[in-house]
Amino acid sequence: MKCRGHNTIHDDVLPKICCALLIILGASASSPNIFAAEWEFKPRLTVSETYTDNVRLGAAGLGAGGFGGTGNQQGGDFITQINPGILFTGVGRRFNLSTNYTMNNLIFAENSNFNRIRHQLNATATTEIIKDFFFIDGMARRMQQNASLTGPQAVDNTSITGNRIDIRTYNLSPYLRYHFKQLASTELRYTRGIVESNLRNGLRNSQRDSFQFSLNSGSAFRTLQWGLNYNKNIIHFTRTDREIKTEQSIANLRYNLTSQFALTATGGYENNRFGSAVRRDISAPSWTIGFFWAPTQRTDINLAAGKRFFGDTYRAEANHRTRLTTWAARYIEEVTTFNQQAGQAGGFGNFGGFGGFGGFGGGTGGIGGLDTLGALNSVNNGLFLQKRFSASVSLNGARNTLSFRIFNLSRKSLSSIEDNVELFGLDNALLTRNIKQTGVNARWNYKLSPLTNASFGASFVRFRFASSNTKTNNMIYNASLTNKIQPNLTGILRYRYIQRQGGSSQFGNLSANSITASLRMDF
């Protein structure tokens, strides 16, 4: 099946998914006592009908490389989805396997040339080959996400925007782990990470080789704790001889003044090579000092500040729990790539969205879940400095659950602009070299009865493009009603409203209403 623009479905999709599953299964099958494990196989089928009054979300053009156009084009459509899926799990004494797959079949009544199949996969496995010594982790994921902040921001696959792309990620990570009794513990790990997309031009497929070593003090060291860490990443890009290298050697110390308060420090050296046409090597020492404070068993605070090659750096994390509430805040700075982000759990799609397939956020949405906009992990061919802050609170009652989250994410490109010209075009490559995303999510779940739940949500995200001093505001408001019709049959009715307000003529205003009715059968 084929369709235009970025919605092309390649003929090798199913073979690659099957190969990924075989790798995951093979890693687990090498574990002893595999047949004594607990295996679970849960097929499912979800059928849904959606009507939207703006199926293109204002996208005036769907040409390759454009990620959708601007304008205020309206066009309604009915979209039928027939989505068979499988949840396959296995838990043994020395391995753990989980595979969740959905075939998302989309049929458009008015835009039949965009009928397509989207594959969604989240498979992970961990196996212990040699007891307490040799392990292998495997991961295969396939999801859809918005490619660019400059295009329309769809929250699922029912919108035809030209900005929706397919991302496939595979990781295989063998590692050795050893404990020197109570003195220390060590880990030596190698990771091969592959990231591919369905973009024929622009986003380069990449392969990552990561080498990690750590040696940390054991329980024999109570007052002064120490650690040595080494991390090296080499990212190779297809269709080019360019590569990105990052390397860090760090020592860390922790001095426990009391059982509740400790001083922390890190120091070391890093060496980075940027994957641009003009090779740039940046080597510099790095250090931080900070503290850890846990005044109660339900509260902890961890703060640090220091220097890296790009200037001042900070890290912060705080957590607090009560009987009915959970509070959390985090700030982190990192030099990273899209390959590394996509290879992490929750790494692509929306960062930390409430809903979504397999925990990615911004995906197809769970049963009765709400679609939200989070900080988008937009595609990139280079190295960038990322600063991310998030804070959340959840209130859990007998019938009500309230969740609030605020976030801010900034990205500043460290590579040459040439790395992304093919992907975005010159104007958008310049526009996206320094971007900020600020937003808030709110969600309320109300239990009407033991079999019926209602959910209400709202999301707001502002994209700021520092190079041109422009911004766009993106909003989503939605409500859903979920009813357990039978023990294995669930019905969902959901309404969603999407709105974008452009800060310049480059970003057109748009709005879209949609209503979806779904039935899910678990076998």
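The values are calculated or read from the model by the stated rules, or taken from the named source; none is laboratory data. This structure is a prediction, so every number in the text was calculated from the model and none was measured. Positions of Cβ are backbone-derived with ideal geometry, glycine not excepted, and every protein chain shown enters the neighbour counts. Heavy atoms of the whole protein, side chains included, go into the accessibility calculation; ligands, DNA and RNA do not. Shrake-Rupley method; radii C 1.70, N 1.55, O 1.52, S 1.80 Å.
A few comments on the model shown:
- Computed E for ALA220/ASN509 - FRET, C-beta separation, R0 56 angstrom, nearest 0.05: 0.30
- Proximal lysines relative to LYS484, as straight alpha-carbon distance under 25 Å, when same-chain residues fewer than 8 apart are discounted: LYS42, LYS447
- Within-14-Å neighbourhood charge of ARG93 [Cβ basis; K, R +1; D, E -1]: -1
- Gyration tensor verdict on segment 278-329 (Cα atoms; rounded if a/c is under 1.5, prolate if a/b is larger than b/c, oblate otherwise): prolate
- Residues whose amide H lies under 5 Å from that of GLY75, counting only those 5 or more places away or on a different chain, are ASN54, VAL55, ARG56; hydrogens are built 1.01 Å from N in the peptide plane.
- Per the Debye formula on identical point scatterers at the alpha carbon atoms of segment 475-522, with no solvent, log10 I(q)/I(0) at q = 0.15, 0.19, 0.32 Å⁻¹ is -0.53, -0.66, -1.06.
- Contour minus Cα-Cα distance for SER468 and PHE523 (0.36 nm per residue): 14.5 nm
- Local net charge near ASP77, Cβ-Cβ under 10 Å (Lys/Arg +1, Asp/Glu -1): -1
- Charge context of THR438, other residues only, Cβ under 10 angstrom, K/R +1, D/E -1: +4
- Stretched out straight at 0.36 nm per residue, the stretch from ALA316 to TRP39 would grow longer than its current Cα-Cα span by 95.7 nm.
- The 1.4 Å probe gives accessible areas that order TYR269, TYR446, largest first, as TYR269, TYR446.
- With 25 Å as the limit, the listed pairs LYS232/LYS471; LYS245/LYS387; LYS307/LYS412; LYS181/LYS245 have LYS232/LYS471; LYS181/LYS245 beyond it between alpha carbons.
- Loop-located trypsin sites (Lys or Arg not before Pro) in segment 218-264 (DSSP state other than H, G, I, E, B) with a sparse environment of at most 14 neighbouring Cβ atoms within 10 Å: ARG222, ARG239.
- Using the Cβ-Cβ distance between LEU481 and TRP327 with R0 set to 41 Å, the FRET efficiency from 1/(1 + (r/R0)^6) comes to roughly 0.90.
- Of the trypsin sites (Lys or Arg not before Pro) in segment 385-468, the ones in a loop by DSSP (not H, G, I, E or B) with at most 11 other beta carbons within 10 Å are ARG399.
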